[in-house]
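Report on the following structure.
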Amino acid sequence: RGTNTNEFKSDVLDSSVPVVVAIWVAGEGFAGIKAQVEAYADALADKINFYKMEIVPNQQLLIDLNVSGLPSFLFFKNGIKTSVLAGNNISIGEIRTHSERLLISDLDGKEFFGVRLEIRSMSGGRGS
């Protein structure tokens, strides 16, 4: 799916589920991993909303979001940008890692079978 400046607030900032936005220049895309990203987005369609955004008609919004490299992948949770991947060497593995972090944090503080989960980083602090 695509999003743009006019739909960004409702599609991304007001979303009740995590969101990944892929930003590209028309005609260039993220050719090396496009098919992999689209397949991954389809596989997680019930958990994460994936959007594509072309840079040219949305330049001011992308400046406001501090997008500094292309292609870029922006990761949002509860309307907050949690991480960014940018540049020509982005791998599908990196996109998966950042996307899965959006889902893992949903478990923090929830109780399963009488056990309260608390997500900790490798350094021992809460979440990251």
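Here, each number is a calculation from the coordinates, and none is a lab measurement. Quick caveat, the model's predicted, so the values are computed rather than measured. Reconstructed Cβ throughout: ideal geometry from the backbone, glycine too, with neighbour counts over all protein chains shown.
Data for the structure
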{"read-out": "Qualifying trypsin sites (Lys or Arg not before Pro) in the range 1-102, DSSP loop, other Cβ atoms within 10 Å at most 13", "value": "R1, K47"}
{"read-out": "Fully extended contour minus Cα-Cα distance, from A35 to S10, at 0.36 nm per residue", "value": "6.4 nm"}
{"read-out": "Proximal lysines relative to K34, as straight alpha-carbon distance under 18 Å, when same-chain residues fewer than 8 apart are discounted", "value": "K52"}
{"read-out": "Unit charges on C-beta of K, R, D, E only; dipole of the range 30-109, Debye", "value": "120"}
